[in-house]
Every structure is written in structure tokens, then in C-alpha cells.
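Before we start, here is the structure in question, set down as C-alpha cells.
The values are calculated or read from the model by the stated rules, or taken from the named source; none is laboratory data. For clarity, every value in this text was computed on a predicted model and none was experimentally measured. So basically every Cβ, Gly included, is an ideal-geometry build from the backbone, and we count neighbours across all protein chains shown. Only protein heavy atoms, including side chains, enter the accessible area calculation; ligands, DNA and RNA are left aside. Shrake-Rupley method; radii C 1.70, N 1.55, O 1.52, S 1.80 Å.
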Amino acid sequence: MQNKKETHAFKTEVQQVLNLIVNSLYSNKDIFLRELISNASDAIDKLRFKSQTDAKLLGDDTEFKIKIRPDGIARTLEVSDNGIGMTHEEVLENIGTIAKSGTAAFLEALEQARDGLAPELIGQFGVGFYSVFMVADKVTLITKAAGSDKAVKWESAGDGTFTIEETEKEGRGTTIILHLKKRQPDEPDYTDPWVIRRIVKQYSDFVAYPIVMDVEKEEPLPDEQIIKDKDGKPIGETTRRVIRQETLNSMKAIWSKPRDEVSEQEYEEFYKHLAHDWNPPLAHLHLKFEGTTEYDALLYIPSKAPFDLFQADRRHGIQLYCRRVFIMEDCKELMPEYLRFVKGVVDAPDLNLNVSREILQQDRLVINIRKNLVKKLLDFLAQMEPEKYETFWKQFGAVLKEGIYTDSLRKEKLAALARFRTTKSGDKWISLDDYLKNMPSDQKAIYYITGDDLASLINSPYLERLKAKDYEVLLMTDPVDEWVVQALTEYEGKPLKSAEKGDLELDREQKEASEQYKALFAFIKSQLADKVKDVRASVRLEDSVACLAGDEQDMSAYMEKILKASGQAAPSVKRVLELNVRHRLIEGINALYENDRNNEKLKQYTQLLYDMALIAEGGKIDNPSRFSRLVGDLMASALDHS
Ligand code: ADP
């Protein structure tokens, strides 16, 4: 069926990336080998995992290895593995596209960074394989999926197209043949065994499978093969050149080494291998537990959030090992969702090697390790130096906050880790503890407001009274904040209160005012019966005339927006029209009303008050042209009187 040679075009974004790579946006070309070795090692990991339930897959090829074969004369470099291999469909899916989840985001980033895409960006999209085009002008990939009897050959010169056809291959796995470019004067020779040894040592020493290379060695001839004269002196050769397989990496699992034997450089390279990230990590945490729950863990916090952090199907970052034997990647059971950005390795010697995911969830040991890891990670974050922590928070805060409503046991601890912008913070981030420290003595609650735009929140009319009283307000702009405030009703004994809902309990005067304006408010309410559920004297306005507020238990405007944006039916709640009884305008309208309850102007003013409240919160009014006509008329009559 697929024995014809097919030619395909690369997806546009792949070609864009290729161009960037080839025109050497990345100056360290050596890393192409690291990328190939990482892929090979992943492919073996995957096969091992699959073979736990399907032992036949391995056949008699049970010695996993990654083989490098340089050829200085043909100028080729081959990297092969006996891992899981790929089917025809998998080749099409994996090589020639960019990891699907990130594509849209990637294109956007590409678009924004037209002149000079930072190399760090590339690493985040799973485009590692394409780095081969930094050093090769043609690449051939031959692969045979474990359990399949068909092999596939993929070939490309990185010029916009690739070919794919059926081929023959002995044994499963993938072989990648790089046809190296003409060597630049200042470039290492990637067919030189010494160069290969150096690169493997530097970037891939810890890879768990042997990385081997055939090398020619000179060794002494066995005595009986040496020709000697009658005095026993050798005549002719005493040595011979032989091909020996050399293992280039130590395979030392760095997580099981004592901490003081691992250099920063090694920690960093291991992270890059593990996470397929080209950026160094922000921090690492190397843990060793002894006692009833024994395990080693090496955890990393990346320095940049991946683009798919909020996608439901994204992979988790923890690999599970048992006595240095890989068990599974993507081990969700070891890390709660709100720590899904953590990458690393957990090695638990007492684990049952044949665990399935289903069993894992109930495994006491796994549950204990998870509890332990979460505690250590949260303590680690709490002790991080402030500047670093802020970097962390900007990248991952929105994820960590999810824990406030999903992990009720650690709610307080997570709330203490949270950072906020406030009406007083400027461009700093403050903690709830800072907030409490700075609170005036008469302030009884922690005030917050939610919305998607910081600038409009700062200027929100809801905050006028609070600002006048010098109370600080948390400005919450992440969608998750809506859930955070539902779970976090108080902190250190102080209630959290929304500035846009309910009674702010600032002072009592509004109660009395309500009495005085009772009749007018009833009239306005009757006029706006289909839009608002009540009309009251405002507890939050200082300078503005009107706003729309919710009752304590009502959904916030931002929540309504989030639900609607995600396609969920949000009940449209009627809100309360709050009027500022300290404002001259309300006094004036009241006087007009008491004078002549049938004055036509009253209806117009009512409509205007409502529209003004909507505009102030950035909402859309029903009839903008009527609004501007009314305002125009009013301005004209004001001018008449001036
Ligand atoms: P990443 O490894 O970051 O996902 P790559 O571009 O390096 O991105 O590889 C794309 C995909 O191609 C991999 O996710 C994997 O599915 C597949 N792949 C690459 N190399 C191999 C290999 N040696 N064996 C099997 N599959 C491979």
C-alpha cells in the first residue's frame, strides 16, 4: 500500500522553524547530538514501558543501546536505537509537524518575534529533531516499529519537502543518518571520535542506556601469532588494529548520587535532557529519603512556563524509576495537578516493578511519596529567595493557585505562597502576610476585586470608598482567582471580601440615606425593573455617580464573562444599581422628583444613570446612539445655563 515513494510538504510552521535553525539562530551546534540521543533514550523508555504488558515486543533483542557511527570519508553520522520505532503514520505525525499542542502558540510567538526568535523558544515546542539541519544538508531516518514487520524511510534536505517510502530494516528501532554539511573552518568535525566522546560526556553522560561507538584500537597480537626469528625476537607486526565497541557514557543516575557529587552543570544538563527544554531550570531540589518510605527524587522547576500549561491533555513531568530502572514517564500519581509544571525523576526502590497506573493510585508507598514531595516542594518555594520566587510566580503562580481550591489540606500554606498586585503595590507583588501587616487598624477585612484587566481594575469605581479610607485592594486578574476566592473565604482570621459585592461594612450612613431616598429609588427601580434587582445607596462610590454591584452570594461580572467565554451557560444575574448619595447629581434628581413626580426628565435621567454605571465597568450599553444624544442635549442645556 505504501511502497511508493511519497513526497510531502512540511507544515508551514516547520519550515519556518527550519529556516531559523539553518540560518543558525542557535550558535551551539553540538546540541543536535544531545537531541538525537534524548529522542533515542525516550524511544527505549517507551518500549520498556510497553513491554511490561507485552513481553513479546522485545523478542530476543533485549540489550538496549544507542549506537553512534561516524564515517569520516562519507561524511555521515548515524545514530541508531533499538527502541520503540515508528510506524508510517507515526513518522508522518511526529516528523514534519511540531508537537501539536504548542503549534498555535508557537506561530504566535514566531509572529511576534519576527526579527530574532529567541532560541529558548524553540526548545519549548518539541522541535528538537529539526536541530539536525544545523549540521546536515540531508537527513535519512529509517525506522521500524516494535512488533511491526514493515520499515519506513523518511528523507529530507530541510528544503520544504520530505519523502517517505517503505524500506527494509533489520530489527526494530530508529536509525538517523546525517549527511553532514561541508565543515566550516571553526566547526568541530562531527565524524571525529574524540568530538563525539566529548559531546556525549558533556550532555548525555547520565543517559540510562549505553551509548556506544565502534572504535579502532591497536592491541598487542597474541604471542602465538607473532613471527619471531630464531633468537625469539619478533620480526614484523607485534600489534594489530581491531574494532572494539566503546561505551561513551557512565550511565550514572545522577539522582542516586550524593548531592555533593553532582555539579551544577550536571544538574542542568540532566534537566535539559529530561525536559526537552533548552533553557536552564530555575531551580532544582534533590531529595533523598530513608526510613519507611525510601526514595530519591530530583525535581526541577523550569524557568519558563510551557505554552501548553493550561491544556488538559498536557503531559506531566515526573518519571518514575525503581532502582534506576525506568518504569513510566508522565507519572501523574506522584504530583497534584497544581504542581504539574514540576519536572523530574522519582526513584523508589521498594516499588512493585509491575505496577499499572490503576494500582499506582492506591499504592500506599506512592501516596506517601506524593505527600512528602508536595510538602518538600511547598517548603522549598516558601524559602526561595524573593527575586527568584517572583520569577517563579510570574511563570507558574496561576497554576499553583489552583491548589488553593483543589487541596483543602494545604489551602493556608498555598495562600501564604500566593502573590498579588494591589492598589498600593505598584509593580511589586505582595503576599497576604504583607497585606495584613500594612492594614490600618480599623480595617476588618481583606478586600479584592476580580477582572481580566489590571489597568481597568485599578481605576474601578468600586474601589473609590476603599481607596478613600486608605484600604488596600487585591487586584485579581487570573481566571483561577474566581475559584480561589470561593475557596479562600478567610486568611489568618480575616474574611476576604469582594469590592464589587455585598455590604463592604465601611460605615452606616448609607442605611440612613436609603430612608431619605426611598421614594426616588423605588421610582428608578420600577423604571429599570427588567435590568436591575434593586436600587440602593452606594457603599463603595466616592466620586462616581452610579455603579452596578452584586449581592454577597452573586456571581461576579468576571466570573460571568469567564463562563460565557468557555461556552457555559452563565445565569444572567440582575445586579443592584448603586447610587452615590453624596453626589450632587443624586441630590438634584431627588429634588426634581419630590417637586414633580411626573417630570419627563426623570425617565431620561434614570436611563442615563444605568448606562453610566455600565460604561464605568467597561460594559456595553443597549443603545449607544440614544445615550450620546441624551448626553448631547444635556450638555447643550448646561451651556445654556452657564
Ligand atoms: P520532542 O522529542 O521534543 O517531542 P522531536 O522533534 O525531537 O520533539 O521529536 C518529535 C517526535 O518524534 C518525538 O516526540 C517522538 O514521538 C518521535 N521520535 C523522534 N525520534 C525518535 C526515535 N529515535 N524513536 C522513536 N520516535 C522518535
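Checking ALA109 against (1) part of a strand (DSSP E or B); (2) at pLDDT below 95: exactly one of these is not met. Which one?
ALA109 satisfies every listed condition except (1).
Return the pairs, sorted by first residue and then second, in which the second residue is in a helix (DSSP H, G or I) and within 13 Å of the ligand (Cβ to nearest atom), the first residue lies in the stretch 36-62 and is under 18 Å from SER204 (Cβ atoms), the beta carbons are less than 6 Å apart, and the residues are 6+ apart or on different chains.
SER38/HIS273
Tell me, which helices (runs of 4 or more DSSP H) wholly within the stretch 499-596 include 1 or more residues that are out of contact with any Leu (no Cβ under 9 Å at 6 or more places or on another chain) and within 28 Å of TYR471 (Cα to Cα)?
509-516, 557-565, 584-595
Out of LEU457, LEU474, report the one residue that is free of Cβ contacts under 8 Å to residues at least 40 places away in the same chain, under 19 Å from VAL539 (Cβ atoms) and hydrophobic (A, V, I, L, M, F, W, C).
LEU457
Residue check: is ILE164 assigned to a strand (DSSP E or B), of a type in the set (Val, Ile, Thr) and touching a Ser or Thr at 6+ places or on another chain (Cβ under 6 Å)?
no
Take ILE199 and tell me if it is under 17 Å from ASP71 (Cα atoms) and either within 37 Å of the chain's Cα centre (by Cα) or surrounded by 18 or more Cβ atoms within 10 Å (Cβ to Cβ) (or both).
yes
Next question, about the same structure. Within the stretch 36-63, work out how many residues are outside any helix (DSSP H, G or I) and either more than 15 Å from the ligand (Cβ to nearest atom) or at pLDDT below 90 (or both).
Residues flagged as outside any helix (DSSP H, G or I) and either more than 15 Å from the ligand (Cβ to nearest atom) or at pLDDT below 90 (or both) within the stretch 36-63 amount to 7.
Can you work out which of the residues in the stretch 617-630 that are part of a helix (DSSP H, G or I) and open to solvent by 50 Å² or more (accessible area, probe 1.4 Å) is farthest from GLY550 (Cα to Cα)?
ARG629
Still on this model: Name the single residue that is surrounded by the fewest Cβ atoms within 10 Å (Cβ to Cβ) among those in the stretch 131-144 being part of a strand (DSSP E or B) and away from the ligand (no atom under 11 Å from the Cβ).
My answer is ASP137.
Within the stretch 486-504, which residues are touching a Ser or Thr at 6+ places or on another chain (Cβ under 8 Å) and open to solvent by less than 20 Å² (accessible area, probe 1.4 Å)?
Result: SER498, ALA499, GLU500.
Another question about this same structure. From the set of residues in the stretch 400-432 that are over 17 Å from GLN486 (Cβ atoms) and among the β-branched types (Val, Ile, Thr), which is most open to solvent (accessible area, probe 1.4 Å)?
That would be THR423.
Those residues that are without any contact (Cβ under 8 Å) to a residue 12 or more places away in the chain and touching a Pro at 6+ places or on another chain (Cβ under 6 Å), I need them from the stretch 172-231; list them, please.
Listed by number, the residues that qualify are VAL195, LYS228.
Identify the single condition in (1) open to solvent by 40 Å² or more (accessible area, probe 1.4 Å); (2) more than 19 Å from LYS401 (Cβ to Cβ); (3) basic (Lys, Arg); (4) assigned by TED's automatic domain parsing to the domain that holds THR423 that ARG465 does not satisfy, given that it satisfies every other one.
The failed condition is (1).
Among the numbered criteria (1) touching a helix residue (DSSP H, G or I) at 6+ places or on another chain (Cβ under 6 Å); (2) open to solvent by 50 Å² or more (accessible area, probe 1.4 Å), which single criterion is violated by PRO188?
The single condition PRO188 does not satisfy is (2).
Still on this structure, I have one more. Go through the residues of the stretch 356-364 one by one and say whether even a single one is surrounded by 20 or more Cβ atoms within 10 Å (Cβ to Cβ), on the phi < 0 side of the Ramachandran plot and modelled with pLDDT under 80.
Yes.
Can you tell me which residue is surrounded by the most Cβ atoms within 10 Å (Cβ to Cβ) among those in the stretch 268-283 that are in contact (Cβ under 8 Å) with a residue 24 or more places away in the chain and out of contact with any helix residue (DSSP H, G or I) (no Cβ under 8 Å at 6 or more places or on another chain)?
Applying the filter and picking the extreme gives TYR271.
If you don't mind, there's one more thing I want to ask. For LYS217, state whether it is under 30 Å from GLN319 (Cα atoms) and modelled with pLDDT under 90.
Judged against the criteria, LYS217 is not a match.
Among ILE196, ILE176, which is the only one that is in a strand (DSSP E or B) and either within 16 Å of the ligand (Cβ to nearest atom) or assigned by TED's automatic domain parsing to the domain that holds TYR130 (or both)?
Sole residue among the options that is in a strand (DSSP E or B) and either within 16 Å of the ligand (Cβ to nearest atom) or assigned by TED's automatic domain parsing to the domain that holds TYR130 (or both): ILE176.
Go through the stretch 364-377 residue by residue and tally those that are farther than 16 Å from TYR300 by Cβ, in contact (Cβ under 8 Å) with a residue 12 or more places away in the chain and either not charged (D, E, K, R) or not assigned by TED's automatic domain parsing to the domain that holds LEU351 (or both).
Residues that pass the stated criteria total 5.
Still on this model: Consider the stretch 595-616. How many of its residues are open to solvent by 60 Å² or more (accessible area, probe 1.4 Å) and without any contact (Cβ under 8 Å) to a residue 40 or more places away in the chain?
Looking only at that region, the number is 7.
Let me ask another. Let me spell it out: the conditions are (1) assigned to a loop (DSSP other than H, G, I, E, B); (2) over 27 Å from the mean Cα position of the chain (by Cα); (3) in contact (Cβ under 8 Å) with a residue 40 or more places away in the chain, and LYS29 meets all of them except one. Which number is the exception?
Only one criterion in (1) assigned to a loop (DSSP other than H, G, I, E, B); (2) over 27 Å from the mean Cα position of the chain (by Cα); (3) in contact (Cβ under 8 Å) with a residue 40 or more places away in the chain is unmet by LYS29, namely (2).
State which residue is surrounded by the most Cβ atoms within 10 Å (Cβ to Cβ) when the search covers only the stretch 242-256 and only residues that are among the charged types (D, E, K, R) and at pLDDT 90 or above.
Looking at the filtered set, the residue picked out is GLU246.
Name the one entry in GLY147, GLY171, GLY158, GLY128 that is within 33 Å of the chain's Cα centre (by Cα), at positive phi and within 16 Å of the ligand (Cβ to nearest atom).
Going through GLY147, GLY171, GLY158, GLY128 in turn, just one is within 33 Å of the chain's Cα centre (by Cα), at positive phi and within 16 Å of the ligand (Cβ to nearest atom): GLY158.
Follow-up. Tell me which residues, restricted to the stretch 284-321, are of a type in the set (A, V, I, L, M, F, W, C), open to solvent by less than 10 Å² (accessible area, probe 1.4 Å) and in a strand (DSSP E or B).
Of everything in the stretch 284-321, those that are of a type in the set (A, V, I, L, M, F, W, C), open to solvent by less than 10 Å² (accessible area, probe 1.4 Å) and in a strand (DSSP E or B) turn out to be ALA297, LEU298, LEU299, ILE301, ILE318, LEU320.
Filter the stretch 448-462 down to residues that are more than 17 Å from MET555 (Cα to Cα) and among the polar types (S, T, N, Q) and give me whichever is least open to solvent (accessible area, probe 1.4 Å).
Here the answer is SER460.
Given the condition hydrophobic (A, V, I, L, M, F, W, C) and in a strand (DSSP E or B), answer yes or no: does some residue in the stretch 250-263 qualify?
No, because not a single residue in the stretch 250-263 is hydrophobic (A, V, I, L, M, F, W, C) and in a strand (DSSP E or B).
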